[in-house]
Structure formats: structure tokens, C-alpha cells
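Here's the structure, in C-alpha cells; my notes come after.
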Amino acid sequence: MILPSATYRAPDFLMAARELGVAVTVASERRAAMSAVMGERALRFGAGVSLEQVILRHALGRGLDDLARESTASGVMMIPIPRAGVLRAVEGQEQARAVEGIAGLEITIARGRPVVPLPEGDRYLGFVFARAPSADAIERSLRVAHGLLRIRIEPHAPEPLGAR
């Protein structure tokens, strides 16, 4: 489970995750950077219950006994931007999608756009989603898929003298 540390009430979020037996990883505080792409891919609950509903149920003191997360492990890798410049291509996407356990790959920055790595930047290049029987298998799948991606970034062209 990804914990956006400023978006939700962190103690309630952590307690709900603990009660559900879900591991938590602290990630970006910029929920908008991830929510449109991730949707319900990382966690799935029975009866169409969203993660936000789980958090609210816990915060209101309502039980979580009747709620179970699916048994398959899931994970998300936020693809880091390796260096500043202009994104020219992300090659190897089909090979990465073909890795056992990979459920999806989304590149969220268009080619030709400037990119800046964290912490100066404010986004990830994209996301790799995985599902497998165990957390170890998830981690292996995500690492292999990420390793197959070839990210081509050209340096920014220097500004001509007198351009300002």
C-alpha cells in the first residue's frame, strides 16, 4: 500500500493497513501525480470498496472485519526520472510488459517534454504494476521490468546568448 504522507490522516491510514495485514510504503505526497494512473490497480477489496472508503470506515470507528483484500500480492514501482533533460523515448515497454507478474505499465510524461528528477522535479516518469503470489515475486518482477526499460533523455539545449 502506498501512503501519501500528507494526503490522508497518516495514523488512521497506518492502523487500517495494519489491521488488513497490508505492507505500507511511503511515497509521493502529490496524490494527483499517481491517482489518475493507479486507480484501483494497487489494492483491491471485496464488494467494490475503495481504499478511501476503507480509510474512512476506520477513521469513523467502523469495523473492517467484513472486509478482505484479495489474497494476491500487488506492487507498484514509480519509475524515477534518471536525469534532467527532454524525454525522447522509453524503449523496451513491450518487453517489460511481458515479464511474468507485470500487470501494467504506464508512461505518464509525453515524449518531447522536459523532465527533472526528484527532489527538484515533481513527478515520476510513470508506473509499473505487478501481481504475484508473494512480495518477493512482485519485487523481482518490478526490478526485471524496470531493467528492460531504456529511457532516452537528451540534455536541454543551452539558451542562446541574449535570449532573455
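None of the figures in this text is laboratory data; all of them are computed from the coordinates on show. Remember, it's a predicted structure, so these values are computed and weren't measured experimentally. Cβ sites come from the backbone with ideal geometry, for glycine too, and all protein chains shown count toward neighbours.
For Ile153, the residues 5 or more places off, or on other chains, whose built amide H falls under 5 Å of its own are Arg88. Electrostatic bookkeeping for Leu142 treats Lys and Arg as +1 and Asp and Glu as -1; over the other residues with beta carbon under 12 Å from its beta carbon, the sum is 0. All Cα-Cα distances of the range 72-156, cut into 10 Å bins from zero to the largest, leave 19, 47, 26, 7, 0 percent in each bin in turn.
Please give the direction-averaged projected area of the C-alpha convex hull for the range 68-119, in square nanometres with one decimal. The number I arrive at for the range 68-119 is 5.1 nm².
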